[in-house]
1. Positive end of the charge dipole of the chain (Lys, Arg +1 and Asp, Glu -1 on Cβ, about the Cα centre): tell me which of 74, 346, 133 has its Cα farthest that way.
2. Any idea what the dipole of segment 23-170 comes to, in debye rounded to 20, about its Cα centre with Lys/Arg Cβ at +1 and Asp/Glu Cβ at -1?
3. Taking all protein chains in place and a 1.4 Å probe, what share, in percent, of the accessible surface of segment 260-303 do carbon and sulfur account for?
4. How big is the antiparallel share of DSSP beta bridges in the chain, given as a percent to the nearest 5?
5. Hey, can you find the accessible area per residue of the chain for me, probe 1.4 Å, expressed in square angstrom?
6. If you place +1 on the Cβ of every Lys and Arg and -1 on the Cβ of every Asp and Glu, how big does the dipole about the Cα centre of the chain come out, in debye to the nearest 20?
7. Compute the normalised compactness of the chain: alpha-carbon radius of gyration over 2.2 N^0.38 Å, N being the residue count.
8. Per DSSP helix of 4 or more residues, -39500 (n - 2.57); summed, then divided by the residues of the chain. What does that give at 222 nm, rounded to the nearest 500?
Amino acid sequence: MSLIEWFTLKYLNHPPKAELDSLSKLQAVVFGASGYSGSELLALLHNHAYIQVTHAFASERSSAMPWARIAPQLAGTSDLVIEPFTGDTDVLANVDLAFLALPHEASAELAPKLLAQGIAVFDLSGAYRFADADLFAQTYGFVHPFPGLLAQATYCLAEHLNANSFQDIALYSIPGCYPTAATLALAPVCESAFLDPATVPVVTAISGVSGAGRAANLRTSFCEVSVQAYGVFNHRHRPEIARNLATDVVFTPILGPYPRGIVATCVAQLRGGVSAEMVLDAFQKAYADQPFVRLVHAPPAVQHVAYTPFCDLYVAVEGQQLIVIAALDNLLKGAASQAVQVANIVYGLPATTGFERFLGGVSARAAAVVDSGAAQHD
């Protein structure tokens with residue numbers, strides 16, 4: 001019996017909390033644990049009631065180092081040590097699931113080895129985001145070493161997952177940060193066929209420098225970084241966004257001189273007869289039961305979502321012109337927290353498990369109502 005089958009049978013009837021509290025935790029490993037997204041994964045799993053990190057790895061070239069030394073603000077008093085990964089997967093004999101916060105090439109090679117050991121894989125890279133091997137090669141610039149596995153992976157935008165989403169193999173591909181923002185912003189109107197057939201949505205998104213990773217890079221150093229567009233017409237996330245929305249898009253990413261967070265401004269033309277009320281109703285229905293998407297009264301700022309697992313959406317309609325502004329933390333909702341959210345869904349746990357500290361008080365849901373007047377005209 002596979003891990004997924006075992007867990008599904010055990011938790012299908014949603015046992016009461018008292019019973020869940022008595023169960024042993026799932027054993028997890030985090031690869032790329034010394035990076036920005038990897039450290040955020042460790043922090044989220046450190047507070048998770050049903051998942052325990054037993055191994056954390058960085059690259060083979062690194063030295064063993066306490067997590068508390070790499071990211072003291074996240075690790076607190078944790079004594080977890082991040083070790084170099086030598087390629088020996090035998091040490092993972094008792095591991096149930098793996099999170100891969102690795103470069104695309106490394107994830108592409110490692111995932112099949114873990115799957116062969118019965119380990120469920122949650123991949124934060126782009127290694128398994130496309131089912132088509134040719135499109136993958138065009139997008140990521142290398143031939144996939146396991147093209148037959150591409151179509152068997154499940155693409156996991158958390159708000160679009162359901163019981164029919166999952167493939168036969170426990171390989172879960174986590175979307176990119178820009179596609180998460182753009183897809184959450186435009187999916188309700190695309191799925192409702194509200195856009196003018198002749199329109200091509202325009203997505204302009206600015207992201208903090210942490211999206212480039214932790215490695216030293218002159219372009220993202222404090223003294224060099226500025227506001228600058230890049231990847232014009234050829235950024236690797238454009239095909240992912242277009243695939244998710246089932247429409248071509250114009251996508252322009254911009255590097256911002258700040259640490260973390262994305263603000264994506266999405267502009268499109270509505271077809272005749274589509275009103276502001278129809279658009280707002282579509283968004284409210286799409287996200288009414290989604291705890292990590294908040295519909296807000298005013299254009300969101302990076303500071304509203306930084307260090308949180310939320311995506312804030314502001315919807316504005318004037319005539320047939322639509323603007324949706326999305327803001328999220330690229331390291332959390334755009335990476336680590338979405339991976340944990342997906343793991344919760346896969347294992348039949350509430351999507352909010354491990355995120356309790358973000359959901360307390362009024363602030364967690366107070367903004368989750370669109371003011372129709374403000375949304376129609378700013």
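1. Farthest towards the positive pole: 74.
2. Details: 5 positive and 14 negative charges, 57 e Å.
In total the dipole reaches around 280 debye.
3. Values: 960 of 1830 Å².
Taking all protein chains in place, segment 260-303 shows 53 percent carbon and sulfur surface.
4. On the way: 27 of 57 bridges.
Restricted to the chain, the bridges split so that about 45 percent are antiparallel.
5. Working: 16570 Å² over 378 residues.
Solvent-accessible surface per residue comes out at 44 Å².
6. 460
7. On the way: Rg = 20.4 Å, N = 378, 2.2 N^0.38 = 21.0 Å.
Cα-based Rg divided by the globular estimate yields 0.97.
8. Details: 16 runs with 122 residues, N = 378.
Value at 222 nm, helices only: -8500 deg cm²/dmol.
The values are calculated or read from the model by the stated rules, or taken from the named source; none is laboratory data. Quantities reported herein were computed from a predicted structural model and do not represent experimental measurements. Cβ: placed from backbone, ideal geometry, glycine included. Neighbour counts: every protein chain shown. Remember, those area values only see protein heavy atoms, side chains included, never the ligands or the DNA or RNA. Shrake-Rupley method; radii C 1.70, N 1.55, O 1.52, S 1.80 Å.
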